[in-house]
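Chemist: Here it is: the structure, laid out below.
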Amino acid sequence: MADVAAAAGVSGQTVSRVVNGSPRVDPGTRSRVETAMVRLGYRPHRAARALRTGRTQTIGLVVSTLATVGNSRMLQAVTDAAASRGYALTVVALGGPDAVADAFARLHDQGVDGAIVLNEATVFARDAGIPPGIAVVVVDSPPDGRFGIVQTDHATGARAATEYLLSRTHDGAAPDVGHDGAVHDVVWHLGGPPASFAAAERERGWRLGLGARSAPPVLRGDWTASSGYDAALRLPVDATAVFAANDQMALGLLRGLFDAGRRVPDDVEVIGFDDIEDAAQYRPPLTTVRQDFDALGAEAVATLVATIEGGRASSGALIATSLVVRESTRRRPGG
């Protein structure tokens, strides 16, 4: 740092501020210091900095699995957001509900400054004892004063999808059209695992979207395409619209409907949730609710870093969704 300070013509304290991302450095000076760092090949030494500051600039990520697309997308988003703030990432995958305490203990032993808990793992974290000295942010969880909380607005997205299907009408009531010229009398729901907060919120949004209509039984899946395929075989023959709680189950549903001789969107219209990268490549391309994984990951990291660095982190950040309309809900005029 002394060499960098001499090369840039500044004090060692100024170099330290640049290295630690302090806003108390004017842009010209910051640029001069960063240029000197590159020219001299300077790299901050994490272990030395940890001894000085008491922080390792490392955060943990606790997941139940990385097999689901949503968790994989969140891993990438959190990794990118952490790196942009100078933090390294340590990932711990849980082997089951009893492993969460051990996961936190391992992260504590590795000296992480804080941890982000993703999706299904949050239900385990709420029952676990958190080691002192670790700030925790959970993604998708009901209110809990012990944690910072960040979540997608699942319910509003699900409600929008359901209302979109119910609002569809044909000009002139064809024989397959429901009451008041509507395409569908009701929308069926292919829900996620009962213990999942995200699945529960999407189901809640679906019920809100139905309004005064009676809700049919929920077809339950486990986020996988194979469970969506099985649900297609249980879908009543008079069902004409399905909102699936994620895109992977919707993908399996599309194949199951095809194998059952039912056309999408002509016989059954389908909407998914997430807008994974391949959603536009399905046959037919899938109408879905877009979840902004990048914004969710960035907000989770920002909330955690604010806690780590001494600020009072805001809790309850809600990331908006949007409906992306594609061919799985586009019916030809006249049915």
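The values are calculated or read from the model by the stated rules, or taken from the named source; none is laboratory data. The structure displayed is predicted, hence computed values, not measured ones. Methodologically, a virtual Cβ is constructed for each residue, glycine included, from the backbone with ideal geometry; neighbour enumeration extends over all protein chains shown.
Chemist: Out of the residues in the stretch 135-169 meeting the condition of being of a type outside the set (Gly, Ala, Ser) and over 22 Å from the mean Cα position of the chain (by Cα), tell me which one is surrounded by the most Cβ atoms within 10 Å (Cβ to Cβ).
Modeler: Out of the qualifying residues, it is Leu165.
Chemist: So Ala93 fits all but one of (1) surrounded by fewer than 18 Cβ atoms within 10 Å (Cβ to Cβ); (2) modelled with pLDDT of 75 or more; (3) closer than 17 Å to Phe197 by Cβ; what number is the exception?
Modeler: It is condition (3) that Ala93 fails.
Chemist: In the stretch 70-85, which residue that is among the charged types (D, E, K, R) and more than 9 Å from the chain's Cα centre (by Cα) is modelled with the lowest pLDDT?
Modeler: The initial filter retains those residues of the stretch 70-85 that are among the charged types (D, E, K, R), namely 73, 80, 85.
Within this subset, residues satisfying the condition of being more than 9 Å from the chain's Cα centre (by Cα) are 80, 85.
Values: Asp80: 94, Arg85: 86.
So the residue we want is Arg85.
Chemist: Give the number of residues within the stretch 253-286 that are of a type outside the set (D, E, K, R), in a loop (DSSP other than H, G, I, E, B) and within 22 Å of the chain's Cα centre (by Cα).
Modeler: Just the residues of the stretch 253-286 that are of a type outside the set (D, E, K, R), to begin with: 253-254, 256-258, 260-261, 264-265, 268, 270-273, 276, 279-282, 284-286.
From what is left, the residues that are in a loop (DSSP other than H, G, I, E, B) are 260-261, 264-265, 268, 276, 282, 284-286.
Retained after the next criterion (residues that are within 22 Å of the chain's Cα centre (by Cα)): 276, 282, 285-286.
Of the residues in that region, 4 qualify.
Chemist: For Ala195, all conditions in the list (1) at pLDDT below 95; (2) buried (at least 17 other Cβ atoms within 10 Å of the Cβ) hold save one; what is the number of the exception?
Modeler: Only one criterion is unmet by Ala195, namely (2).
Chemist: Scan the stretch 291-308 and tell me whether some residue there is part of a strand (DSSP E or B) and either within 16 Å of Ala161 (Cβ to Cβ) or touching a Lys or Arg at 6+ places or on another chain (Cβ under 6 Å) (or both). Can you show your working first?
Modeler: First, pick out the residues of the stretch 291-308 that are part of a strand (DSSP E or B): 291.
Still in the running and either within 16 Å of Ala161 (Cβ to Cβ) or touching a Lys or Arg at 6+ places or on another chain (Cβ under 6 Å) (or both): 291.
Yes, the conditions are met somewhere in the stretch 291-308.
Chemist: Could you say which residue among Ala115, Ala158 is in the same structural domain as Thr288 (by TED's automatic domain parsing) and either among the acidic types (Asp, Glu) or at pLDDT 70 or above (or both)? Don't jump to the end; show me each part of the working.
Modeler: Numbers: Ala115 fails: in the same structural domain as Thr288 (by TED's automatic domain parsing).
Only one candidate qualifies: Ala158.
Chemist: Scan the stretch 238-256 and give yes if some residue there is within 16 Å of Val186 (Cα to Cα), surrounded by fewer than 24 Cβ atoms within 10 Å (Cβ to Cβ) and free of Cβ contacts under 8 Å to residues at least 24 places away in the same chain, otherwise no.
Modeler: Within the stretch 238-256, one or more residues are within 16 Å of Val186 (Cα to Cα), surrounded by fewer than 24 Cβ atoms within 10 Å (Cβ to Cβ) and free of Cβ contacts under 8 Å to residues at least 24 places away in the same chain.
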